[in-house]
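Down below is the structure, laid out as structure tokens.
The values are calculated or read from the model by the stated rules, or taken from the named source; none is laboratory data. The structure presented is a predicted model; accordingly, all values stated were derived computationally and were not measured. Glycine also receives a Cβ, built like all others from the backbone with ideal geometry; neighbour counts cover every protein chain displayed. Ligands, DNA and RNA are excluded from the accessible area calculation, which covers all protein heavy atoms including side chains. Shrake-Rupley method; radii C 1.70, N 1.55, O 1.52, S 1.80 Å.
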Amino acid sequence: IYYNGEYHLFYQHNPYGWDWGNMHWGHAVSTDLLHWKEVGDAIYPVHERDAAFSGSAVYDPDNTAGFRKKGIDPLIAFYTSTGRGEAIQLSYDNGRTFIDYEGNPILKHSGRDPKVFWYDKGKHWVMVVWNNGEKKKMSLGQEAIINQQAIYTSSDLKNWTYQSGVEGFFECPELFELPVEGRPGVSKWVMYDATGRYVVGDFDGKRFTIEQHLTQYDYAGGYFYASQTFNNTPDGRR
């Protein structure tokens, strides 16, 4: 996210070794996207059976969540607290320290990795999050568990309503709008996951309609794994 004059890059990592596990959020900042400074871990596990998995961060200048204090609209981080569910942490000092939201978890389901952003046309927040626990009725009356990118909406970042899902994806979802080259005024939405599979289509704030089915942008062995775009860029670029 771009916030208060800095680009903030958060990343999931183990601060105590190379091995996978003990996941925290690392944090680096930049003013030009080229030169970066690490500023220490941002989010820690809240207890011994917890880990801080991936997520995203937003800025709420309209104070829809009521988190403003002493004139400061905090940097708001959404992440998967594995021992609790989807959770919020707040920073009032440019991301240098975070405090746990007392109403956590804001969402409990079988999944992880919330990407949250403001949908301006609908004047509401959107969360797209991987879900591997949704049940689907089959033709013989049986139920199947499906993996999908689940889409939730909220007016206040605290209370979330399930709207729809897009099947066939894995973890770390991303959803954003891009202008179509050579077609002024025309834009499309892109949804992808950690593995680089993506679809192109339209998004009305609650439902994604696929026009171009699964394609893969990277097949180089995961070097570009779980990438994410920046929220709130000052020039409007994606």
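Residues that are over 18 Å from ASN231 (Cα atoms), open to solvent by less than 70 Å² (accessible area, probe 1.4 Å) and not aromatic (Phe, Trp, Tyr) within the range 23-59 comprise MET23, HIS24, VAL39, GLY40, ASP41, ILE43, PRO45, VAL46, ASP50, ALA51, ALA52, listed in sequence order. So THR161 ticks every box in (1) more than 17 Å from the chain's Cα centre (by Cα); (2) open to solvent by 40 Å² or more (accessible area, probe 1.4 Å); (3) not hydrophobic (A, V, I, L, M, F, W, C) but one. Which box is left unticked? Going through the list (1) more than 17 Å from the chain's Cα centre (by Cα); (2) open to solvent by 40 Å² or more (accessible area, probe 1.4 Å); (3) not hydrophobic (A, V, I, L, M, F, W, C), THR161 breaks only (1). Counting only strands (runs of 3 or more DSSP E) that fall entirely inside the range 1-87 and contain at least 3 residues that are free of Cβ contacts under 8 Å to residues at least 40 places away in the same chain, the qualifying elements are 6-13, 24-30. State yes or no: is GLY95 among the small types (Gly, Ala, Ser) and either surrounded by fewer than 19 Cβ atoms within 10 Å (Cβ to Cβ) or within 16 Å of the chain's Cα centre (by Cα) (or both)? So GLY95 fails the test. Taking the numbered list (1) touching a His at 6+ places or on another chain (Cβ under 8 Å); (2) crowded, with 19+ Cβ neighbours inside 10 Å in turn, ILE151 passes all entries but (1).
List every residue pair whose Cβ atoms sit under 7 Å apart, with the two residues 6 or more apart in sequence or on different chains, where the first one lies in the range 104-115 and is farther than 20 Å from PHE170 by Cβ and the second, anywhere, is modelled with pLDDT of 95 or more and among the aromatic types (Phe, Trp, Tyr). Short answer, once both residue conditions are applied: ILE106/TRP160.
Pull up the range 9-22, narrow it to residues that are under 13 Å from GLY55 (Cα atoms) and either of a type in the set (Phe, Trp, Tyr) or open to solvent by less than 10 Å² (accessible area, probe 1.4 Å) (or both), then point me to the one that is modelled with the highest pLDDT. Per the criteria, the residue is PHE10. ASP202 satisfies every condition listed in (1) within 30 Å of ASP100 (Cβ to Cβ); (2) in a strand (DSSP E or B) except (1).
Scanning the range 124-148 for residues that are of a type in the set (Asp, Glu) and in contact (Cβ under 8 Å) with a residue 12 or more places away in the chain yields a single hit, GLU134.
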